[in-house]
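Notes for the one structure printed next.
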């Protein structure tokens, strides 16, 4: 799916829907890493830490797409909601709260 969304962005770099969908693909990837992390035993802390770093990197990749989508469509609540979630997941609680406030 990511290939199709990136192709849509190449055809129209201002396509906020395709930008948003790229971000969702990365969230899905990060959630799959979370599932891997949750299946590890307590003795696999090194693997857990490695997956945690990988997961954060994937969430950070999604951020660039969501931030660009928001620049194109600043009032879109789905984009704002996604930003609030991803900012929280990468530890940027101030930005997460800022986005959450916009949802009220």
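A compact table of results
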quantity: Every pair of residues 6+ apart whose Cβ atoms lie under 9 Å, when the first sits in the range 80-94 and is in contact (Cβ under 8 Å) with a residue 12 or more places away in the chain while the second is in a loop (DSSP other than H, G, I, E, B); calculated: 80/74; 80/103; 81/103; 84/103; 86/92
quantity: Index of the failed condition, residue 37 passing every other in (1) assigned to a helix (DSSP H, G or I); (2) over 17 Å from the mean Cα position of the chain (by Cα); (3) free of Cβ contacts under 8 Å to residues at least 12 places away in the same chain; calculated: (3)
quantity: The range 1-20, residues that are more than 13 Å from residue 73 (Cβ to Cβ) and assigned to a helix (DSSP H, G or I); calculated: 2, 3, 4, 5, 6, 7, 8, 9, 10, 11
quantity: Of all residues making up the range 42-59, the number that are out of contact with any helix residue (DSSP H, G or I) (no Cβ under 8 Å at 6 or more places or on another chain) and assigned to a helix (DSSP H, G or I); calculated: 7
quantity: Pick from the range 56-79, criterion buried (at least 16 other Cβ atoms within 10 Å of the Cβ) and farther than 18 Å from residue 18 by Cβ, ranking: nearest to the chain's Cα centre (by Cα); calculated: 59
quantity: In the range 68-77, the residues that are assigned to a helix (DSSP H, G or I) and out of contact with any helix residue (DSSP H, G or I) (no Cβ under 7 Å at 6 or more places or on another chain); calculated: 71, 77
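Read-outs throughout are calculated quantities, based only on the coordinates presented, and are distinct from any laboratory measurement. It should be emphasised that the depicted structure is a prediction, and the values quoted were computed from it without experimental measurement. Note that we place each Cβ from the backbone using ideal geometry, even for glycine, and neighbour counts take in every protein chain shown.
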